[in-house]
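Chemist: Below is the structure I would like to discuss, written out as C-alpha cells.
The values are calculated or read from the model by the stated rules, or taken from the named source; none is laboratory data. What you are looking at is a predicted structure, and each value in this text was computed from that prediction instead of being measured. No Cβ is skipped: glycine too gets one built from the backbone with ideal geometry, and neighbour counts run over all protein chains shown. Just so you know, the surface numbers come from the protein's heavy atoms only, side chains and all, with ligands and any DNA or RNA stripped out. Shrake-Rupley method; radii C 1.70, N 1.55, O 1.52, S 1.80 Å.
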Amino acid sequence: MMMMMMMSRDGDQKKAFMPTEAQRGGASPFKPSEGERLSRQRPPPRTTQQIKMPPVSIQRVLISESVDPRCRSILQENGIEVTERQNMSKDELLAEIKNYDGLIVRSATKVTAEVVRAAGALKIIGRAGTGVDNVDVDAATKNGVIVMNTPGGNTISAAELTCALVLSLSRNVAQADMSMKAGKWDRKKFMGSELFGKVLGIVGLGRIGKEVATRMQSFGMRTIGYDPITPPDVSAAWGVEQMSLEQLWPQCDYITVHTPLMPSTTGLLNDETLAKCKKGVKVVNCARGGIIDEEALLRALESGQCGGAGLDVYVEEPPMQRALVNHPNVISCPHLGASTKEAQARCGQEIALQIVDMVKGKALVGAVNAQVLASTFSPESHLWIRLGEAMGSVLRAYTSSKQPYSKVQVTTLGERLKKSTEFLSSAVVVGLITDGSSHGANLVNALALAKETGLSVSRNHEEAMEGLDSAACVVEVSLCGCGYKALGSVQAGVPVLLQLDGCVFRQPVSLAGHLLFFKAESSPQLLPSVTGALAAGGVEMESFSASAASGGEQWFCVGMSSLLGDLASLRSLVKEAAQLTV
C-alpha cells in the first residue's frame, strides 16, 4: 500500500554520502532531540519468523501426470497438500490450475503461456525429468513463476538407451528379430560390424553425453565430441577429445546428439551436415525431436549416405508421418529415454525433494529461470532482500510524479555482499516498480518486467566505502534527467535507511511500518508543526529521524501509527512529502 504527494523540486543538491558516527556504529556527537528519543522508544519488529522466512511458500500442488508415488508422499509429509489429476484436457487444466501454487508435470502436459496466465497463484512448475520443452519458460518467468527440472534424474536411463540403440544399429538386432518373427532364417542379410575401433561422435557433453562416452569406450570405441560449454580439459578427463563440428562430422562412424532443443540446435543434422559425414554413418537421437532434420535424414537413408538411425524422439509425438519410422534401417522407440522404473522413481522423488528444500529455505536445485534465488537461502539474505525492496519503494514514493524511470544502478558495498548484488538488484526493482496497479513483481521476474518498461538495470560491487564499517547498498535512479540516491544497510538484524538524496540521517531510519518522508527547512518549529498536522488527521507519531545537518533543506522521516489520509495538510509546512507502508 502506498500513497504519495509530491511538490515541486528545485535544483538537486548533490551531497557527499558520508555516514555519521551513529551509522558507523560509534557514538553520535549530536545531542539527541525529542524526535530521536521517540525513534529509540519503538524499535522495529524483529522476529525469528521474518528472518527465516523462505523465498517461496508452497501450500497446494497439482500433479497432472503419472509420477512415482513417493513424490506425493514426500510433499504430504512436509505439509503440502497434493492433488493428482491425470489426462486432463487443455480446458480442464485451465480451469483447475487456478487453485494451486505448484504444478508437477512430465512430458505430456503442455504448460503454455495461456496456462501460466490462468494460474493466478502459481509459484512453481516442476518438471519430473530432464529438459523443459513442454513449458513456456519465458511466460513463466514474466509471471514470476519458478521453473524447475530434475536434470540428473534420468541420466543413466537415457544413456543406456542410447548405448542400446548404437549396439542394435551395429548388429541389426531389431531387423533380425522382426525377420525371425516372420518365420525367416536370413543370416547373410543382417551382416553387422564391430564397434571396436570405430569412432563415436557425441554432440553435447553434459551428464548424458559423459555417461554414453564412458560406456561406449568399454567397447573399444574412440570417442570425440563437441560442446560449447564443457571445457576441453574436462571432457578429456573422461576420454573425449573435443573439436569443432566441421572437424567432427567426417570422422564419425556413429553420431549421437545430447543437446537441448533451441534455435542453434534445431536441424543440427541436416542435408548439408549429413553430406559432410562418412558414407553409411549411423545416427542416434535420444535427446529432443527436431535436433535432426527428419526429412533430411530420410533422404540420407534413401541415398545410403546414412546407414541407419536409432530414434527415440520426434518433432511430432506420436509421429503422424510414418515414412521415417517405417524405414527398414531405422530403429524407432516411443520416447522411452526416461521410461525405467529407476528413472521414474528418481525423477519423482527428486522433484518433490527439490520443492521441499526450496520451501524450507535449504537450497534451490534444478531451477532453470530463477538463478537469482540461489544466493537467497540464508537468514541474512532475507534481511537484505527486505532492505532492497524497501529502498526501491522509498525511492518510488518520493519520485512518483517524475516517472518513468530510465535507469537504476545498484551498488553493493563490502565483502559480505560480494555475491548478493544480483538478488539485491532484483529486490530493488521489485520495490521500484510495484504499486497499486502493478501486481506480481518478484525476484524471478523483476528484471524482465524492468526491461519491458524500458528501465535499464546495472549492477556493481565495491569492496568498501570510506567511513562505513558495515556492508551497505547504494541505489541510484535516473528519470527526467535527474538522479536520486539512497544508501541503506542492515544493522542489528533490521533494514535501515542511512541516507536519502545526499541527506545523512542522524539516526538510521528503520524501514518498517508506516513511514512519512518529507523535505523542509530545518527549524525548531518544524517538528511540533508536523506533529500537530498528524494529530489533526488522527495519526500518532511513533518515531522521528532527523538530518545530521544543522540547517537548510533536509529530509526527515516520521514513523506513524497509520498513513495520513491527505498529505495536503502538510503542504504549508514542507516542500516535498511522500508516505508509504513497508
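Chemist: Report, ordered by chain and residue number, the aspartates and glutamates lying within cross-link reach of residue 519, taken as a straight Cα distance under 20 Å and ignoring same-chain residues fewer than 8 apart.
Modeler: Residue 519 reaches 10, 12, 34, 36, 476, 501, 540, 542, 553, 566, 576.
Chemist: Tabulate in residue order the Karplus-calculated ³J(HN,Hα) for segment 155-161, using 6.51 cos²θ - 1.76 cosθ + 1.60 with θ = phi - 60°, rounded to whole Hz; enter x for Gly and Pro.
Modeler: Once θ is set to phi - 60°, the couplings for segment 155-161 become 4, 5, 4, 5, 5, 5, 5 Hz.
Chemist: Quick one: Kirkwood hydrodynamic radius for the chain, alpha-carbon pairs, angstrom, one decimal?
Modeler: 27.7 Å
Chemist: Here's something else I'd like to know. Give the Rg/Rh ratio for segment 57-146, taking Rg as the radius of gyration of the Cα atoms and Rh as the Kirkwood radius, to two decimals.
Modeler: 0.92
Chemist: If you don't mind, there's one more thing I want to ask. Relative contact order for segment 493-582: what percent, with Cα pairs under 8 Å and sequence separation of 6 or more?
Modeler: Worked out over segment 493-582, it gives 39 percent.
Chemist: Under 5 Å between amide hydrogens, which residues at least 5 positions from residue 306 or on another chain qualify, with H placed 1.01 Å from N in the peptide plane?
Modeler: The list, which skips near neighbours in sequence, is 280, 301.
Chemist: So, with a 1.4 angstrom probe, what is the percent of accessible area on segment 107-176 that is carbon and sulfur?
Modeler: 54 percent
Chemist: Helix-only mean residue ellipticity at 222 nm, the chain, DSSP H runs n ≥ 4 weighted -39,500 (n - 2.57), per residue, nearest 500. What is it?
Modeler: -8500 deg cm²/dmol
Chemist: Within 10 Å of each candidate Cβ there may be at most 11 other Cβ atoms; applying that plus a DSSP loop requirement, which chymotrypsin sites (Phe, Trp or Tyr not before Pro) in segment 191-282 survive?
Modeler: 196
Chemist: Let me ask you something else. What lysines sit close enough to residue 198 to cross-link, taking a C-alpha to C-alpha distance under 27 Å and skipping anything fewer than 8 places away on the same chain?
Modeler: Those lysines meeting the cut-off are 188, 189, 210, 276, 278, 279, 282.
Chemist: What is the sum of charges, Lys and Arg at +1 and Asp and Glu at -1, for the other residues whose Cβ falls under 14 Å from the Cβ of residue 136?
Modeler: Taking every other residue near residue 136 into account, the sum is +2.
Chemist: Restrict the search to segment 267-339; then list the GluC sites (Glu not before Pro) that DSSP places in a loop and that have at most 14 other Cβ atoms within 10 Å of their Cβ.
Modeler: Here the GluC sites (Glu not before Pro) that fit, given the DSSP loop and packing criteria, are 316.
Chemist: What ranking of 60, 127, 571 comes out by heavy-atom accessible area, probe 1.4 Å, highest first?
Modeler: 571, 60, 127
Chemist: Normalized C-alpha radius of gyration of segment 145-232, against 2.2 N^0.38 Å?
Modeler: 1.40
Chemist: How many Å² of accessible area per residue for segment 89-238, probe 1.4 Å?
Modeler: Heavy-atom SASA per residue in segment 89-238 reads 47 Å².
Chemist: I've got another one for you. Could you put 142, 278 in order of accessible surface area, largest first, with the 1.4 Å probe and the full protein assembly present?
Modeler: 142, 278
Chemist: Could you please state how large a percent of the accessible area of segment 242-362 is carbon and sulfur, counting protein chains only and using a 1.4 Å probe?
Modeler: On segment 242-362, the fraction of accessible area on carbon and sulfur atoms equals 55 percent.
Chemist: Go through 544, 377 and list them by solvent-accessible area, largest first, probe radius 1.4 Å.
Modeler: Per-residue accessible area, sorted high to low, gives 377, 544.
Chemist: Between residue 326 and residue 264, what is the label-to-label distance in nm when each label sits 7 Å out along the Cα-to-Cβ direction?
Modeler: 3.9 nm
Chemist: Given an 8 Å cut-off on Cα distances and at least 6 residues of separation, report the relative contact order of the chain as a percent.
Modeler: Result for the chain is 18 percent.
Chemist: Determine ³J(HN,Hα), in whole Hz, for all residues of segment 109-125 in sequence, where each value follows from phi through the Karplus function 6.51 cos²θ - 1.76 cosθ + 1.60 and θ = phi - 60°; x replaces Gly and Pro.
Modeler: 6, 9, 8, 7, 4, 5, 5, 4, 5, 6, 8, x, 9, 5, 10, 8, 10
Chemist: Take the alpha-carbon positions of segment 277-397, form their convex hull, and give its projected area averaged over all directions (one quarter of the hull surface) in nm².
Modeler: That works out to 12.8 nm², a quarter of the Cα hull's surface.
Chemist: What accessible area, in Å² to the nearest ten, does a 1.4 Å probe give for residue 531?
Modeler: 60 Å²
Chemist: About its Cα centre, what dipole magnitude does the chain give when the only charges are +1 on Lys and Arg Cβ and -1 on Asp and Glu Cβ, stated in debye to the nearest 20?
Modeler: 680 debye
Chemist: Could you tell me how many cubic angstrom of Cα convex hull volume segment 496-540 has per residue?
Modeler: 92 Å³
Chemist: Against the 2.2 N^0.38 Å scaling, with N counting residues, where does segment 349-494 land? I'd like the Cα-based Rg ratio to two decimal places.
Modeler: 1.07
Chemist: Taking N as the number of residues in segment 498-582, what is its Cα Rg relative to 2.2 N^0.38 Å?
Modeler: 0.98
Chemist: Continuing with this model, one more query. Which ³J(HN,Hα) values, rounded to whole Hz and listed in residue order, are derived for segment 315-328 from phi using the Karplus coefficients 6.51, -1.76 and 1.60 in 6.51 cos²θ - 1.76 cosθ + 1.60 with θ = phi - 60°, glycine and proline given as x?
Modeler: 4, 10, 10, x, x, 7, 7, 9, 4, 6, 4, 7, 5, x
Chemist: Report the per residue volume, in Å³, of the convex hull enclosing the C-alpha atoms of segment 329-406.
Modeler: Per residue, the Cα convex hull of segment 329-406 comes to 181 Å³.
Chemist: Under a cut-off of 21 Å between alpha-carbon atoms, report the lysines in cross-link reach of residue 110, not counting same-chain residues fewer than 8 places apart.
Modeler: List returned: 90, 98, 123, 142.
Chemist: Then there's this: Nearest 10 degrees, 0 to 90: what angle lies between the long axis of helix 207-217 and the longest principal axis of the chain (Cα atoms)?
Modeler: Helix 207-217 sits roughly 30 degrees off the main axis of the chain.
Chemist: Using only the alpha-carbon atoms of segment 208-341 as identical scatterers, what base-10 log of I(q)/I(0) does the Debye formula give at q = 0.20, 0.21 Å⁻¹?
Modeler: Debye intensities relative to I(0), on a log10 scale: -1.30, -1.41.
Chemist: Moving on to the next point. How far is it, in nm, from the label point at residue 562 to the one at residue 480 when both lie 7 Å from their Cα along the line to the Cβ?
Modeler: My value for the distance between the label points is 3.2 nm.
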